[in-house]
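Novice: Here you go, one structure.
Quick note: the coordinates plus some simple rules give every number you see, no bench work behind them. Only a predicted model underlies this, so the values are computations on that prediction, with no experimental measurement involved. FYI the Cβ positions are ideal-geometry reconstructions off the backbone, even for glycines, and counts take in every protein chain you see.
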Ligand code: MF3
Ligand code: CO
């Protein structure tokens, strides 16, 4: 059953989504080599609680941490660890909050130091594909239009692997509501999008094979071939003419640009190779 939100409820959900954006901005500010992902997780939990919210992942189906921090070939649901990040690592940080009873749930992938051109391109293309999907998040379209747009940009155009086992989802008073939002599928298929629906759209894109497996910890999802995977997630309300993005990458990107330890493709191009 798909739960339609009123404009007032969507404004509350925007506050929840923006608290996640704010948290990810803190992450973008402090990330550097030598940091342990468990330190980040503790910081995330404290930041969320300091803002009168609850980290929603903690204890969700028994999940034991505040956030999911997925490094390199970990696709999603990575456990924060007492292990230092090193230059060249890519890190997806996924944060969920409950604020005033409403969920926010979004994610961003950072490069710590230079992971190389190929990986930076995977990051760019995955982020682009999220926006291609969001362009289709308008009333009258179907869920398959979002899915097709993401798959087209990543798999067809760039030959990357689109993860099949995990999908985006409706969001509201629960973290996972109907409908499912796959990152692959046929144009014009699936349920019809209506104003008042809120979706977490979250492409999980692998450099190599689309195939993944879950570790014996029952959470950590990794690529079969050990190649890197990238994850971006936005919370989006279906609009009349366009998707209304409730979360916000602008402050995260600003902090990312300012942080000398974080690489993006543009910055990477500015770096002179050591001869
Ligand atoms: N963004 C993830 C999702 O939408 C977060 C869930 S992780 C869990 O499924 F730990 F809470 F399960
Ligand atoms: Co999600």
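Novice: Between residue 100 and residue 253, what FRET efficiency follows from the Cβ-Cβ distance if R0 is 22 Å, with the result rounded to 0.05?
Specialist: 0.25
Novice: I've got another one for you. Rounded to the nearest 0.05, what FRET efficiency do residue 60 and residue 139 have when you use their Cβ-Cβ distance and R0 = 22 Å?
Specialist: For residue 60 and residue 139, the calculated efficiency is 0.15.
Novice: Report the extension gain between residue 52 and residue 121 in nm, rounded to one decimal, defined as 0.36 nm multiplied by the number of residues separating them, less their alpha carbon distance.
Specialist: Extending this stretch completely gives an extra 21.1 nm.
Novice: If neighbour count is taken as other Cβ atoms inside 10 Å, put 219, 102 in order from fewest to most.
Specialist: So the residues, fewest neighbours to most, are 219, 102.
Novice: Further question on the same structure: If you average the C-alpha positions of segment 87-103 and of segment 31-76 separately, how far apart do those two centres end up, in angstrom?
Specialist: If we compute the Cα centre of each part, the gap is 7 Å.
Novice: Place a point 7 Å from Cα of residue 164 in the direction of its Cβ. Which residues in segment 96-132 have their backbone N less than 11 Å from it?
Specialist: Nothing falls inside the zone, counting backbone N under 11 Å.
Novice: What is the fewest-to-most order of 218, 187 by other Cβ atoms lying within 10 Å of their Cβ?
Specialist: 218, 187
Novice: Label 7 Å along Cα→Cβ of residue 157; segment 113-127 residues with amide nitrogen under 14 Å?
Specialist: 121-127
Novice: How do 71, 221, 97 line up, fewest other C-beta atoms within 10 Å first?
Specialist: 71, 221, 97
Novice: Shifting gears a bit: Which order do peptides 81-89, 201-209, 177-185 fall in by mean Cβ count within 10 Å, highest first?
Specialist: By packing density, highest mean first, the sequence is 201-209, 177-185, 81-89.
Novice: To the nearest 0.05, what FRET efficiency results for residue 6 and residue 86 with a Förster distance of 45 Å applied to their C-beta separation?
Specialist: Taking R0 as 45 Å, the efficiency between residue 6 and residue 86 is 0.45.
Novice: So for the pair residue 187, residue 29, with labels modelled 7 Å out along Cα→Cβ, what separation do we get in nm?
Specialist: Each label point lies 7 Å from its Cα, and together they span 4.4 nm.
Novice: Still on this structure, I have one more. Let a ≥ b ≥ c be the square roots of the eigenvalues of the Cα gyration tensor of segment 72-181; is it rounded (a/c under 1.5), or, if not, prolate (a/b larger than b/c) or oblate?
Specialist: oblate
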